[in-house]
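First comes the structure, then the notes that go with it.
Laboratory data are not the source of any read-out in this text; all were calculated from the coordinates shown. Quantities reported herein were computed from a predicted structural model and do not represent experimental measurements.
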């Protein structure tokens, strides 16, 4: 379990860095592309970041745009 948690934490850090470099916000698809992580994992990471209050989610049409919390 520790290895899995460590991998997940590494993915969270990658996503946080991508968001930090793109404060205008990104879709989950673009975050996945830039972070080199599958879109399925991005969904889990974004839920974690949302629950911890580290991202702001804006809805544009049917798309969610994720922004780092300032």
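Numbers at a glance
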| item | result |
| --- | --- |
| Angle between the chain longest axis and helix 39-51 axis [Cα atoms, degrees, rounded to 10] | 80 |
| Volume of the Cα convex hull of the chain, divided per residue and given in Å³ | 84 |
| The chain: relative contact order in percent, alpha carbon pairs under 8 Å with at least 6 residues between | 33 |
| 0 to 90° range, to nearest 10: angle between helix 2-21 axis and the chain longest Cα axis | 30 |
